[in-house]
Each structure stands twice: as C-alpha cells, then as structure tokens.
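What follows is a single structure, written as structure tokens, with notes after it.
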Amino acid sequence: MRLLIINGPNLNMLGIREAEVYGNISYEELSKFIYEFANLNGVEVKIFHSNIEGEIINEIHNSFGKFDGIIINPGAYTHYSYAIHDAIKSVNIPTIEVHLSNIYSREEYRRKSVIAPSCVGQITGLGKYSYILAIAYFTKGE
Ligand code: DQA
C-alpha cells in the first residue's frame, strides 16, 4: 500500500501560525507522527508540501499509476481551486480530503469545499488524527 499525502499552502507554518486554531504541533512533528503511524501499519507514505497550486497539480498528475490513495489537505485552496478538483478527477486515484480544523465551525467562506466532490470522503476537525483516520481507511480489509 502506497499513499501520497499532499499538504497545501501555509501548512509548513504549523506551530507558528494561529496556534489557537491549529495547535502547537509543527509541520515536522506532524510529518513524523504520520510516518510513524504509517510504518507501524506497513504503509509506505510520501509526504509532499507546496504553497503553489500548480506544483500540487503536477504532484497529483505524477502520482498516476504510482499510488493506491491520496490524502490531501489543500489548505485555503479547498475553498476555490477547481483546478485541484479537476486534477484529482484526472488521475482516478481514491482521494480523501483532510483538515486539522473543523472547516464547518469557522468563517462562512471556509464552509464550502470545491475539492470534496472529487473525493471519496472528507475528515475535518480532528487535528493530526484527521490524517491517521484517512490512512486507516485505506488500510481497511474487506
Ligand atoms: C485547513 C483549513 C483551511 O480553511 C485553511 O485555509 C488552512 C488549513 C485545515 O487544515 O484546517 O490552511 O485546511
């Protein structure tokens, strides 16, 4: 099982940005937590970060045929990137959208995801466990 985890804009600032919303965990700590859970469960993960929409789209295109699933936190692109939505549709890889914060309990403009319709599901508001639950989904038996 190979999973690609994509983190979008500003997630590299975790631990510094808006600690009251995102907590104190740094991006490195989040990545380590994800790698450790994946290793324990025999899952190979690649974690990719970019602040740039086109780079995220290129990474999704390059994942074609190489990964069994994608877990994406598109950051603010969640709310307006039809291009990322279309990229996910293009590669035919089951994708889960994740968020650290609960996007439905925040500002009005965050309550809509234009990415979600291209995904098998969405996990929001569970902090670092949003990623863990998404990995658990992909490792499920029948
Ligand atoms: C976020 C929620 C987005 O609305 C925001 O723009 C982010 C982080 C989250 O993980 O809670 O950058 O995706």
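The values are calculated or read from the model by the stated rules, or taken from the named source; none is laboratory data. Not measured: the values here are computed from a predicted model. Note: ideal-geometry Cβ built from the backbone for every residue, glycine included; neighbour counts use all protein chains shown.
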Exercise. Hey, among Ala76, Ala38, which residue is at pLDDT 95 or above and touching a Lys or Arg at 6+ places or on another chain (Cβ under 9 Å)?
Worked result: Ala76
For this session: Enumerate the pairs (first residue in the stretch 69-98 and of a type in the set (Asp, Glu); second residue anywhere and away from the ligand (no atom under 15 Å from the Cβ)) with beta-carbon separation below 8 Å, excluding pairs fewer than 6 apart on the same chain, so at least 6 apart or on different chains.
Result: Asp86/Ser118; Glu97/Gly121
Exercise. Among Ile6, Ile47, which is the only one that is surrounded by 22 or more Cβ atoms within 10 Å (Cβ to Cβ) and either without any contact (Cβ under 8 Å) to a residue 40 or more places away in the chain or within 16 Å of the ligand (Cβ to nearest atom) (or both)?
Worked result: Ile6
For this session: Quick one: Glu20 ticks every box in (1) acidic (Asp, Glu); (2) loosely packed, with under 15 Cβ neighbours inside 10 Å; (3) modelled with pLDDT of 95 or more; (4) more than 19 Å from Ile135 (Cβ to Cβ) except a single one, so which number is it?
Result: (3)
Problem set entry | Residue in the stretch 92-124 that is farthest from the ligand (Cβ to nearest atom), counting only those that are among the β-branched types (Val, Ile, Thr) and in a loop (DSSP other than H, G, I, E, B) | Ile93
For this session: Could you check Ser63 against (1) farther than 20 Å from Tyr131 by Cα; (2) touching a residue at least 40 places away in the same chain (Cβ under 8 Å) and say which number it fails?
Result: (1)
For this session: Those residues that are more than 16 Å from the ligand (Cβ to nearest atom) and either among the charged types (D, E, K, R) or more than 20 Å from Tyr137 (Cα to Cα) (or both), I need them from the stretch 65-81; list them, please.
Result: Lys66, Asp68
Seminar exercise, completed: Within the stretch 10-44, residues being more than 13 Å from the ligand (Cβ to nearest atom) and among the acidic types (Asp, Glu) number 4
